[in-house]
Amino acid sequence: MTAQTPAAPQLTNDEFDELIDRINAHHQAKLIAVSAGRPKPAPFVMPAGFEGVSNDYSDLPQDSIDAFAASRDANASQANGQTDHISSIAEDYRNEKISEDSFDDLIDKQKQENIDKYTKDQNDTADKLKASGHAHPEKQSEIAQAFSDAGDWIIDNLWTPVKEFFQKLAAQIEQWWNKVVSWFGDAVDSLKSWWHGLFG
């Protein structure tokens, strides 16, 4: 007989809220580090007893799935929405209409906007997930694990590559300026494809 994985411990609502807040704070610190070119913080460690929590999130409560879908759309919109702006300033820099310092300042401003909007989205998502966890206490462990996994994926596979793309753009403007539109479109498509595979 195969041993079953023990269920994750049941949390009180306050404990669940605190766990969601810690995951949220970790993601925000991670994005700030990435944007500044500093090492990422150590991976977030879930509480003892959460080992083996299922990462099949297709049976999450509908309100959690809706919260994650809204987060996906907010991040996709933020990434795609800056395409024209970045394309325009890259072209101006390439054509020497703006200085390197001005280009760097505009890119830094875009990085900060990305952080600010990501922070707002994460805070909104955290609030929705807390409410979902209170309504569905039996799903709290899966909700928390999904929040951790989703935030890590977005930073590692969307916002870290965005930062790296900005670096390539600045360093090799002739090679990269005309790739802005296709690059951001591909990044958003990757986000949507991954999300569909995880949440159904």
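The values are calculated or read from the model by the stated rules, or taken from the named source; none is laboratory data. Here the structure is a predicted model, which is why all the values come from computation and not from measurement. For neighbour counting, all protein chains shown are included, and Cβ atoms are generated from backbone atoms with ideal geometry for every residue, glycine included. In case anyone asks, the SASA skips ligands and DNA or RNA and just uses the protein heavy atoms, side chains included. Shrake-Rupley method; radii C 1.70, N 1.55, O 1.52, S 1.80 Å.
What are the residues in region 174-200 that are in contact with a Ser or Thr (Cβ under 6 Å, 6 or more places away or on another chain) and open to solvent by less than 80 Å² (accessible area, probe 1.4 Å), if any?
If the condition is that a residue be in contact with a Ser or Thr (Cβ under 6 Å, 6 or more places away or on another chain) and open to solvent by less than 80 Å² (accessible area, probe 1.4 Å), then VAL180, PHE184, GLY200 are the ones that fit.
Here is a list: ALA135, ALA171, ALA131. Which entry is in contact (Cβ under 8 Å) with a residue 24 or more places away in the chain, open to solvent by 20 Å² or more (accessible area, probe 1.4 Å), over 21 Å from ASP73 (Cβ atoms) and small (Gly, Ala, Ser)?
Just a single option satisfies the conditions, and that option is ALA135.
Residues in region 176-188: is at least one of a type in the set (Gly, Ala, Ser), in contact (Cβ under 8 Å) with a residue 12 or more places away in the chain and touching a Pro at 6+ places or on another chain (Cβ under 9 Å)?
Looking for residues that are of a type in the set (Gly, Ala, Ser), in contact (Cβ under 8 Å) with a residue 12 or more places away in the chain and touching a Pro at 6+ places or on another chain (Cβ under 9 Å), one finds at least one in region 176-188, hence yes.
Tell me, which residue of region 55-71 that is in a helix (DSSP H, G or I) and touching a His at 6+ places or on another chain (Cβ under 9 Å) is least open to solvent (accessible area, probe 1.4 Å)?
SER64
Can you spot a residue in region 130-146 that is more than 19 Å from ASP108 (Cα to Cα), assigned to a helix (DSSP H, G or I) and acidic (Asp, Glu)?
Taking every residue of region 130-146 in turn, at least one turns out to be more than 19 Å from ASP108 (Cα to Cα), assigned to a helix (DSSP H, G or I) and acidic (Asp, Glu).
Kindly provide the set of residues from region 76-96 that are in a helix (DSSP H, G or I) and not polar (S, T, N, Q), ordered by number.
Hits for region 76-96 are ALA76, ALA79, GLY81, ASP84, HIS85, ILE86, ILE89, ALA90, GLU91, ASP92, TYR93, ARG94.
Please go through region 26-41 and pick out each residue that is basic (Lys, Arg) and either open to solvent by 50 Å² or more (accessible area, probe 1.4 Å) or without any contact (Cβ under 8 Å) to a residue 40 or more places away in the chain (or both).
Scanning region 26-41 gives ARG38, LYS40.
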